Amino acid sequence: MGVDFPVPTWLSDHYPTINFVPQGDHMVEVQYQKDGEFISLLISKGGSNGISTQDEVKRETIGGKTVYFANGIAIWEQNGFTY
């Protein structure tokens with residue numbers, strides 16, 4: 001893909017990484033699983049990112065970053081990447 005995607009080490013310390021799935025030209029999905037729990041983290045650089053919903057989108061500041069929550073999804077930006 002030509003992009004080095006930063007992956008949070010704190011997540012992989014608690015949940016083993018099971019798969020990396022390219023999603024288009026500018027996004028990768030990192031899948032984690034432990035004891036029947038599954039976490040999917042999408043990491044992208046560039047392009048349009050957002051939550052498409054008619055439900056309420058909650059916004060909260062965590063660690064100095066604006067985080068958006070809707071439909072069981074959280075989105076934030078850090079160092080030029082969207083998670």
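The values are calculated or read from the model by the stated rules, or taken from the named source; none is laboratory data. The model shown is predicted, which means the values in this text are computed figures rather than measured ones. Virtual Cβ from ideal backbone geometry, glycine too; neighbours counted across all protein chains shown. The accessibility values were calculated without ligands, DNA or RNA, using every heavy atom of the protein model including side chains. Shrake-Rupley method; radii C 1.70, N 1.55, O 1.52, S 1.80 Å.
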Can you tell me which of Val30, Val21 is under 17 Å from Glu77 (Cα atoms), at pLDDT 85 or above and part of a strand (DSSP E or B)? Val30
Tyr15 being of a type outside the set (A, V, I, L, M, F, W, C), open to solvent by less than 50 Å² (accessible area, probe 1.4 Å) and at pLDDT below 85: yes
Kindly indicate the residue of the stretch 38-83 that is among the charged types (D, E, K, R), open to solvent by 80 Å² or more (accessible area, probe 1.4 Å) and under 23 Å from Asp4 (Cβ atoms) and also modelled with the highest pLDDT among those meeting that condition. Glu77
Members of the stretch 18-69 found to be without any contact (Cβ under 8 Å) to a residue 24 or more places away in the chain, under 17 Å from Phe81 (Cβ atoms) and among the polar types (S, T, N, Q), listed by number: Gln23, Ser40, Ser48, Thr66
Against the definition (modelled with pLDDT of 75 or more and loosely packed, with under 14 Cβ neighbours inside 10 Å), how does Asp35 come out, yes or no? yes
